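The values are calculated or read from the model by the stated rules, or taken from the named source; none is laboratory data. Keep in mind the model is a prediction, meaning the values are calculated, not measured. Virtual Cβ from ideal backbone geometry, glycine too; neighbours counted across all protein chains shown. With ligands, DNA and RNA removed, areas are computed over all heavy atoms of the protein, side chains included. Shrake-Rupley method; radii C 1.70, N 1.55, O 1.52, S 1.80 Å.
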Amino acid sequence: MKLIHLSDLHLGKRVNEFSMLEDQQYILTEILRIIDEEQTDGVLIAGDVYDKTVPSAEAVALLDDFLVRLAKRDLQIFLISGNHDSPERMAFGGRLMEGSGVHLAPVYDGRVSPITLTDAYGTVNFYLLPFVKPAHVRRCFPEREITTYTDALAAAIEAMGVEQTGRNVLVTHQFVTGAARCDSEELSVGGTDNVDVSVFDPFDYVALGHIHGPQQVGRETVRYCGTPLKYSFSEAGHQKSVTVVELGPKGTVSVRTVPLIPLRDLAELRGTYEELTFRGFYEGTSYQKDYVHITLTDEEDVPDAMRKLQIIYPNLMKLDYDNRRTRAGACLDGAEDAEQKSPLELLEEFYEKQNGQPMGEEQQAFARAWMERIWEEDEK
């Protein structure tokens, strides 16, 4: 059985106030082309289908068109909600869509029944587990002590009653400990969303969503496929792809990637204004259509630089300077990377500055527990 693993489409997303809808429509068509070339049997979509819990009408229309085009290919499609999605909205119409081979994960209620397909080697059981927090799972299993995300996933998976002699695939959306993050992902409170990879031992393949860079975690068959498009300049060096999974007899799984070429790439350019506006620098390149981030190294600010540069680089998303003045301003006690730190890390830094010593383990645990409690209350 051959499967295509996708996740984190983030339909409707805006990057630096640029709508990505046209780029997303283009890349979904490219994915359909790959599906046709690979002659796949199924598609796994591991959450964050939309960028917002209440998506725009255009984003909904784009997903609708994609699912219709998939269903016409007589494929089995498995789709779950991620932390950016509304599980209730994503589950709407699920029982009707099953007749077209589109399987939508229902809102989590403690029960996850497998969807079983058959190939030349027997049956394959697919389990769809949408994004859940400990609070969601605690409500379903009040008798269990569930404080961490690992506890929550362990309880949810144990309740599935997975028969490990068969072939089993899990589609889920969580942050697995050890995965490398990038700027376009949401930071959690103090890293509390970490899930230990050992909870996924009953499964032959785990199709993960949530992390934007393609990577395996722990073993080759526990994998993030990454986003189909670059959604921040920290991803400029990524090679986006779709993951192709082939299930043979029990214990035989092969994983490979097929590159995705976007309509417009993300590029970072650096130099003086004179260098970047020199015709020989940009002619014959894709910079004039790509989304670009320009860092000017001129010591003096260039008047109206953004507007002037957009004449050459119409998709200029971001402009900043790197010179003696900006470097001097960046030395303000680590303030330049505050947005990249979790709330717990910021609290620890503040505590140490105020008290002249780091927080102890008990204090960290206390702060983490209260942050998690507040975070969960905000989500209700």
- Which of the residues belonging to the stretch 358-374 are over 23 Å from Lys133 (Cβ atoms) and either assigned to a loop (DSSP other than H, G, I, E, B) or under 27 Å from the mean Cα position of the chain (by Cα) (or both)? Pro358, Met359, Gly360
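Of the residues in the stretch 4-23, how many are closer than 17 Å to Ala61 by Cβ and out of contact with any Pro (no Cβ under 8 Å at 6 or more places or on another chain)?
From the stretch 4-23, those closer than 17 Å to Ala61 by Cβ are 9-14, 19-23; that's our starting set.
From the residues that got through so far, the ones that are out of contact with any Pro (no Cβ under 8 Å at 6 or more places or on another chain) too are 10, 13-14, 19-22.
Of the residues in the stretch 4-23, 7 are closer than 17 Å to Ala61 by Cβ and out of contact with any Pro (no Cβ under 8 Å at 6 or more places or on another chain).
Among Ile45, Ile4, Ile34, Ile27, which is the only one that is part of a helix (DSSP H, G or I), among the hydrophobic types (A, V, I, L, M, F, W, C) and either within 18 Å of Thr172 (Cα to Cα) or touching a strand residue (DSSP E or B) at 6+ places or on another chain (Cβ under 9 Å) (or both)? Walk me through it before giving the result.
Values: Ile45 fails: part of a helix (DSSP H, G or I); Ile4 fails: part of a helix (DSSP H, G or I); Ile27 fails: either within 18 Å of Thr172 (Cα to Cα) or touching a strand residue (DSSP E or B) at 6+ places or on another chain (Cβ under 9 Å) (or both).
Sole residue among the options that is part of a helix (DSSP H, G or I), among the hydrophobic types (A, V, I, L, M, F, W, C) and either within 18 Å of Thr172 (Cα to Cα) or touching a strand residue (DSSP E or B) at 6+ places or on another chain (Cβ under 9 Å) (or both): Ile34.
Just to be sure before I move on: is Asp64 assigned to a helix (DSSP H, G or I), open to solvent by 20 Å² or more (accessible area, probe 1.4 Å), of a type outside the set (Ser, Thr, Tyr) and over 21 Å from Tyr224 (Cβ atoms) in the structure I sent? Walk me through how you get there before you give the answer.
Details: assigned to a helix (DSSP H, G or I): yes; open to solvent by 20 Å² or more (accessible area, probe 1.4 Å): yes; of a type outside the set (Ser, Thr, Tyr): yes; over 21 Å from Tyr224 (Cβ atoms): yes.
In short, yes.
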- Note on the structure: Residue pairs within 8 Å by beta carbon, gap of at least six or interchain, first lying in the stretch 195-207 and over 14 Å from Thr148 (Cβ atoms), second among the aromatic types (Phe, Trp, Tyr), listed first then second, are Phe203/Tyr127; Val206/Phe200
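Within the stretch 231-289, work out how many residues are hydroxyl-bearing (Ser, Thr, Tyr) and either loosely packed, with under 15 Cβ neighbours inside 10 Å or in a loop (DSSP other than H, G, I, E, B) (or both).
Result for the stretch 231-289: 9.
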- Within the stretch 321-338, residues being out of contact with any Leu (no Cβ under 9 Å at 6 or more places or on another chain) and either surrounded by 13 or more Cβ atoms within 10 Å (Cβ to Cβ) or at pLDDT below 65 (or both) number 9
- Item | Matching residues in the stretch 35-55 - criterion: being of a type in the set (Val, Ile, Thr) and surrounded by fewer than 17 Cβ atoms within 10 Å (Cβ to Cβ) | Thr53, Val54
